[in-house]
Structure formats: C-alpha cells, structure tokens
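First comes the structure, then the notes that go with it.
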Amino acid sequence: MTDKTKLAVGQEAIETFGWLRAHRFLLLRRASQAFFLVLFLLGPWFGIWWVKGNLSGSLTFNILPLTDPFIALQGLMAGHWPELTALIGAIIVGAVYALIGGRVYCSWVCPINPVTDGAHWVHDKLGLQKGWQPKRTTRFWVMGMVLVASVATGTIAWEFVNPISMLHRGLIFGMGFAWTFVIAVFLFDVFVSRRGWCGHLCPVGAFYGLLGSKSVVRISAVERAACDDCMDCFAVCPEMQVITPALRGKEGDTPLILSPDCTNCGRCIDVCAMDVFKFTTRFDDTHAPAREQRKRTQPATGASKAA
Amino acid sequence: MSAAKSKPKSMDRRRFLQDAARGATGCAVAGIALSQFISDARALPAQAIRPPGALDENDFLAACIRCGLCVRDCPYDTLKLAELGYDGPATGTPFFTARDVPCEMCEDIPCVVACPTGALDKGLTNIDDADMGLAVLIDQERCLNALGLRCDVCYRVCPVIDEAISLERRHNERSGHHAIFMPVVHSDKCTGCGKCEKSCVLPGEAAIKVLPRRLAMAEAADHYKLGWEENNPLVDDLIDLPDRLPGPGTDNLVAPGGYAPDALPDPNMDGGFTPSFNLPGTGATKP
Ligand code: SF4
Ligand code: SF4
Ligand code: SF4
Ligand code: SF4
C-alpha cells in the first residue's frame, strides 16, 4: 500500500491527464445511455419515428427489428414460439452483445445503470458500510428462478417486476407508479447492499454476462508492470473481483480481463494514472510482463479500500 | 481460488452443499413471491379490452413482450400500454378502453401487422373476424331505445350494422300502442370494437358496454333441445320420450290401463324418471 492509496479515487489521473481525459469513458457511457434513451423518445416527443418501441422490442427505420433476447427466452420458456420478426430481433441483439461483451448492455445501454451508479455515489458520500453482500453466483440463481417462474406461470415472468423495462417503458409510454420499482432499486443500493442490484441480483445482467462470456472486446491490463498500487481501479470498478487475475497475474498469465462480469465500462482506464488498462480484443497476445511481486501488497488489501 | 484449493475436500463439499441449499431456498422463496405477484398482477379488468387478434389472455402473457409497437401503429391512438397502479391489465401490456377511444376496425389491421411476437395473431386478416369482446346492452332501464324512444345511435355507428346489432321491434307495454326498438347484439358478428359503447348518448357510463366474452356469454344449454332449430337430429328422438305421468286412466305404457306402483319406469333407465310429487289418492310414496 502506498500513500497514493489514500488519495481520492482518480485524483492522480486527473492531475496527470486532466479532468476530461480522466472521465472520458464515464462521459462516453453517459452519452451512450442518453443516446439510447433519446433515440426512443424522438418519436413521442418530436414525432421523429426513427425508432419505435422500447428496449424489450423495437423497430428501427421500419426495417430493423430488435428484441431483448432474455425476454424472448422467457417467452419460449412460457410456451410461446414467437413470430420470425421477434426471433430475428433477439438473434441480432444476442449476436451483437456476444461479440462486444454481454454486459456492455449494463454499462452503456441499461437505463438502470445511472440509477445504481447514482446510488453508489450517495452510498459513498454517506460513508455507509457495504451491507448485505450475497454470493457472486446469486444473480445466476435469480436468473434460473426467473426462467422457472416463466415455465410455472406461463408468462414472461420477469417483465412483471423488471425495473429496467419499468423505467425505460415508463419514460417512453407513461410511467404510472413504475417509478416505485426504480426508487426501490436505488434505496436498496444505498442502504441495504453496496452495488447490490447490478452487482448481485439483476438476472438481466446475469443473462447478458453469460451471453458475452466469450466476447471479443475486452479490457487488458497490458501495462500492469507499471501499476503503483494506488487501488483506484478496484475502487471504481463495479465488479472489482474481475481485475485481480489480470492485474495481479503472474508472468505468463494473460493481462486480459476475461471474466464475464466485467461490464466493459472502461472506468479503470479512466482512473489509472499509469495508463495500465486499455480496450483490446480477446485475441490480443501482446506480451505483458507481470509486476515484480511485492510482498506486503495482496489484492485483499486493495479490495478492502474499494470495499 | 488457490485458498479454496488448500482446504480439505470435505470442507469444500460441505460449503458447496450449504451454498447450494441456501441458494435454492432463497430462489424458491423469491420464485413463489414472484409467481404470487404475477397471479395478482395478471388479472384483466373487464373494461380493459385487448387489441384485435390478441391471443387468449393466458397465451397473451407468454407472448407479448410489451414493446408497444401495436400502440405506435394504431392510427387512432386507441391502444395504450398499461401503466402500473392504474386499473389496467398487467403493466406494459396493450389494451384500450372503449368508452375513451374505441377500435376503428382498420381494414389493414396495422396493430396486428406491427406485432413482432404474434401476441396479436397474424392469422387475423379480416377485421370483421376480430373478437375483442362482446357488446352487451347492460342497462336496459336507461337505454333510450329500451324506454321506447328512438335513439338508435349504437345501432347506427356499428361498423357491422344490422348484423352485430339489430333493432328488434317489441310491443310497448307502457304506452300500449307504440313500439320499442330494442338494440340486440349478435355474438357471432360483434367484434367488440366498442364503437357502440363510445357513442352511447347517456352521460357517464354507457348503457351498452363491451365485455370480455368470458363474462358476456353463458354456455349454451345443451340439455334443452331447441325444437324450432332446423335439422336438429335430436328432435326426432325426443318425440318418443314419455310425456305423461303414469297413473289410472292414462294409457300407461308400463302398466297399460292401470296404475302399478312398482311398475314405475326405473329412474335410471333411458327415459325413466321419478315423479316429483304424489298423485292424490294413488298411495304412491315419494322416494
Ligand atoms: S445489472 Fe441489470 S440493471 Fe444493472 S446495468 Fe446490468 S442489466 Fe441493467
Ligand atoms: S384495428 Fe385499427 S383502430 Fe383498432 S386497435 Fe388496431 S390499429 Fe387501432
Ligand atoms: S406489438 Fe405485440 S408484443 Fe408488442 S406490445 Fe403489442 S401485442 Fe405486445
Ligand atoms: S362492439 Fe358495438 S359497434 Fe362494435 S361490432 Fe359490436 S355491436 Fe357493433
């Protein structure tokens, strides 16, 4: 552990590269989230119907059908074989995320992400304990439960409560009391469980994670030898367990972050003053020498700052 | 991982089993809660009408992904996606309220064409075959036509005029010498579009309302034979059934010319029956 560990997260990167560069992926991500929302709102707000529908299913330029593959899967489990349009839409969406990283959906598209990021910010400001931290596998259990519930009830089960569609559809078609689901997620993340929803429970994130487990676009800790243990990447990463194997890997271990939990949000790139991380593909085999092993610094200490 | 590996195997297995049990229990509880919530949330209120071609409600909730493309392509803004907390169907599913905006029965049925999943059945190509519900003249005390006036609005706006609603002439008992033109809906032709409900001139609620067929229709009384319906093969058989009570002085087929209490037809046999009362003076006892 170094003195830098105690600096605010990203402080050093801001000093080295300037605020803008130390936030570029955050800004890009917010822009992308806004873009996907505004795209759907152009119609109802301005009468420009480039895109119709919502994240569950849409039609772009009257030709490109898109369907949420997790919803399509639940429909299949519930016993409905959809029309070709919805199937093609689900295959397109599935293929894209399988290629660019399943949980890219989480950090670049999902409208709940700004909500849980906001909750995390408040949680930090209030200096709260991390609270309930269920197992890493919990979200897969939840996903399995949703699929079983779809079979058992013969409905697309998660759509009865899914805060993502509640929010997205609510903004586009009318909210009703759907905001209560969003507030619930927010409060849960602030007071009950740090990064609880997206990090541990959301079955949609779990599904996309699985979908992208062999995805091509990946983050690599290619300059890991330069790491000076400031721990900022661990602090900023919503799924910090994914960093350790790559950053702290031994000589010969891949510097690629291959865990499907990684959301490709790029925040580690932002906050690292040593420019350790970069976007690349899973086929990138640039030689990345490991850091020289330091005795007293274990990943666990880093995690404790982040945690 | 390396830490886990160094632990004895049995510890590992025990942890694994514990975790699995905990996970499974948690999921079972959450799953039951979710299913329970779903069974509450799926209730379809009677005044919420699904778009044309909508599958049967159970299948509909397996099919509809709540994308709202049907809503977007409806040129009359008839359809809405249900919002949470209002008296609608399952949140995010499409429906309309006839008294607000009825379905105009577009010839090209754009809502069905737009649906990517088949929740609105592509098999519906002729809007006259749509079956969104069934109009019912529900308040016969206030319907103006039923009162003997000539309103006729529902009859005249009906896109399937004279087939889905007809005006049936009846005697006006109140005045004694006028007619009542009673609007009568015919279930085989009514599409449930709700134009009649929308146009009913009464303030507030309409006297004629579209209801889901499950509420609006009874099951046919198949055990009654409608003798006036042509080509009913059962009618011929019916003629031979006993139509008189056995008793003295009747041409009783069981005991011709007289009454024999123990010769009553066996109630279980074809055409047999048990008298529901005692003929006076016959001494027969009620079973
Ligand atoms: S985990 Fe779920 S809610 Fe969170 S960003 Fe991913 S899909 Fe959205
Ligand atoms: S038939 Fe026409 S008016 Fe009726 S719901 Fe469909 S699109 Fe709307
Ligand atoms: S278009 Fe089909 S799937 Fe989409 S909301 Fe309408 S009925 Fe449901
Ligand atoms: S709902 Fe009314 S207007 Fe529409 S077809 Fe039936 S009787 Fe006619």
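Quick check: pseudo-label points 7 Å beyond the Cα along Cα→Cβ at A:ASP275 and B:ARG142, how many nm apart are they?
Inter-label distance under the simple model: 7.8 nm.
Just name one of B:SER39, B:CYS200, A:PHE35: the one whose Cα is farthest towards the positive end of the charge dipole of the protein assembly as shown (beta-carbon charges, Lys/Arg +1, Asp/Glu -1).
A:PHE35
Binning every alpha carbon pair distance of the range B:39-131 at 10 Å from zero, what are the percents per bin?
Taking all Cα pairs of the range B:39-131, the binned fractions are 18, 56, 25, 2 percent.
Output needed: Cys residues of chain A lacking any neighbouring Cys C-beta below 4.7 Å, sorted by number.
So, A:CYS106, A:CYS110, A:CYS198, A:CYS202, A:CYS227, A:CYS230, A:CYS237, A:CYS262, A:CYS265, A:CYS272.
How large is the dipole of the range A:94-230 about the Cα centre if only Lys and Arg carry +1 and Asp and Glu carry -1, each at its Cβ, rounded to the nearest 20 debye?
280
Over the alpha carbons of chain A, what is the largest minus smallest coordinate on each principal axis, giving the biggest first in Å?
On the principal axes, chain A reaches 58, 42, 41 Å in Cα extent.
Based on C-alpha coordinates, I'd like the Rg and Dmax of the protein assembly as shown, in Å.
34.5, 121
Work out the mean other chain Cβ neighbour count within 10 Å for the residues of A:157-164 and drop it here as an integer.
5
Which of B:HIS186, A:HIS287 comes first, and how do the rest follow, when ranked by fewest Cβ neighbours within 10 Å?
A:HIS287, B:HIS186
Placing one identical point scatterer on every Cα of the range A:10-69 and ignoring solvent, what is log10 I(q)/I(0) from the Debye formula at q = 0.19, 0.20, 0.27, 0.30 Å⁻¹?
Debye intensities relative to I(0), on a log10 scale: -0.70, -0.74, -1.06, -1.14.
Treating only the Cβ atoms of Lys and Arg (+1) and Asp and Glu (-1) as charged, compute the dipole magnitude of the protein assembly as shown about its Cα centre; round to the nearest 20 debye.
4240
Where Rh is the Kirkwood radius over the Cα pairs of the range B:1-91, the temperature 4 °C and the viscosity 1.567 mPa s, what D in µm²/s does Stokes-Einstein return?
75
For helix A:163-173, what angle does its Cα long axis make with the longest principal axis of chain A, in degrees from 0 to 90 and rounded to 10?
Taking Cα atoms only, the helix is inclined about 50 degrees.
State which entries of A:LYS130/A:LYS214; A:LYS52/B:LYS80; B:LYS80/B:LYS189 exceed 19 angstrom in Cα-Cα distance in the structure shown.
Too far apart for the 19 Å limit: A:LYS130/A:LYS214; B:LYS80/B:LYS189.
Counting residues in the range B:133-217 as N, plug N into 2.2 N^0.38 Å and put the Cα Rg over that result.
With N residues counted in the range B:133-217, Rg over 2.2 N^0.38 Å equals 1.04.
Viscosity 1.567 mPa s, temperature 4 °C: Stokes-Einstein D of the range A:180-242 from its Kirkwood Cα radius, in µm² per second?
Calculated translational D: 91 µm²/s.
Which FRET efficiency, nearest 0.05, do A:LEU258 and A:TRP49 yield, Cβ-Cβ r, R0 41 Å?
It comes to 0.50.
Using only Cα atoms and rounding to the nearest 10 degrees, what angle (0 to 90) does helix A:24-41 make with the longest principal axis of chain A?
Once rounded, one gets 0 degrees.
Within 10 Å of each Cβ of A:185-196, how many other protein chain Cβ atoms are there on average?
Mean number of neighbouring Cβ atoms from other chains: 0.
Sorting A:ASP275, B:ASP73 on the 10 Å Cβ count, fewest up front, what's the list?
Final ranking by Cβ density, sparse to dense: A:ASP275, B:ASP73.
Assuming R0 = 45 Å, can you tell me the calculated FRET efficiency for the pair B:ALA46 and A:GLU251, based on Cβ-Cβ distance, to the nearest 0.05?
Once the sixth-power term is evaluated, E becomes 0.05.
Under a Cβ-only charge scheme (Lys and Arg +1, Asp and Glu -1), can you give me the dipole magnitude of the range B:39-131 about the Cα centre, in debye to the nearest 20?
340
Would you mind checking the tilt of helix A:138-153 against the longest principal axis of the Cα atoms of chain A, expressed as 0 to 90 degrees and rounded to 10?
Helix A:138-153 sits roughly 10 degrees off the main axis of chain A.
If you take each beta carbon of peptide A:51-61 and count the beta carbons of other chains within 10 angstrom, what is the mean?
Neighbouring Cβ atoms belonging to other protein chains average 5 per residue here.
Which aspartates and glutamates does A:LYS6 reach when only Cα atoms under 12 Å apart count, and residues fewer than 8 places away in its own chain are ignored?
A:ASP229, A:ASP232
Check A:LEU256: other-chain or 5+ apart residues with amide H under 5 Å from its amide H, H built from backbone geometry?
Sorted by chain and number, the residues that satisfy this are A:ALA221.
Throughout, read-outs are computed from the coordinates displayed, never taken from laboratory work. Everything numeric in this text was worked out from a predicted model, so none of it was measured. Every residue, glycine among them, receives a Cβ derived from its backbone with ideal geometry; neighbour counts consider all protein chains shown.
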